[in-house]
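Chemist: The structure is given below, and queries will be raised subsequently.
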Ligand SMILES: [Zn+2]
């Protein structure tokens, strides 16, 4: 199974919420309400290098090795399109 459509309850107006899910190329769910026009969707992209380093610095000791390794890992996918 790849894509699926069903309905649920809108979190804003409790009306009928259209839900569309897909598991290719990865798991994602989009919703929209035809009553109050609430919507949600899966946004794709790539974090900036600064965001990656900031995130790593929160988890790890801030050493030169960690930063250099992060830059190498980041640049490994520099030619990749993340807008799937
Ligand atoms: Zn609604």
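Chemist: Kindly provide the set of residues from the stretch 9-48 that are surrounded by fewer than 13 Cβ atoms within 10 Å (Cβ to Cβ) and closer than 30 Å to residue 76 by Cβ, ordered by number.
Modeler: Within the stretch 9-48, 23, 24, 25, 26, 27, 41, 42, 43, 44, 45, 47, 48 meet the criteria.
Chemist: Then there is this: Out of all the residues in the stretch 16-32, which are within 11 Å of the ligand (Cβ to nearest atom) and either at pLDDT below 95 or under 26 Å from residue 84 (Cβ atoms) (or both)? Lay out the reasoning, then the answer.
Modeler: Pass one, the stretch 16-32, residues within 11 Å of the ligand (Cβ to nearest atom): 16-18, 31-32.
Correct list: 17, 18, 31, 32.
Chemist: Can you run down the residue pairs with Cβ atoms below 7 Å, 6 or more apart or on separate chains, where the first is in the stretch 68-84 and closer than 25 Å to residue 42 by Cβ and the partner is in a loop (DSSP other than H, G, I, E, B) and at pLDDT 85 or above?
Modeler: From residues that are closer than 25 Å to residue 42 by Cβ, the pairs are 82/44; 82/45; 82/46; 83/44; 83/45; 84/25; 84/44.
Chemist: Hey, another quick one. Just one of the numbered conditions (1) within 16 Å of the ligand (Cβ to nearest atom); (2) outside any loop (DSSP other than H, G, I, E, B) is not true of residue 70; which one?
Modeler: (1)
Chemist: Return the residue satisfying two criteria in turn: it lies in the stretch 33-55 and is touching a strand residue (DSSP E or B) at 6+ places or on another chain (Cβ under 8 Å) and over 17 Å from residue 83 (Cβ atoms), and of such residues it is farthest from the ligand (Cβ to nearest atom).
Modeler: Looking at the filtered set, the residue picked out is 40.
The values are calculated or read from the model by the stated rules, or taken from the named source; none is laboratory data. Computed from a prediction, not measured in an experiment: that's the story for all the values here. Counting neighbours? That spans all protein chains shown, and the Cβs are built from the backbone with ideal geometry, glycine included.
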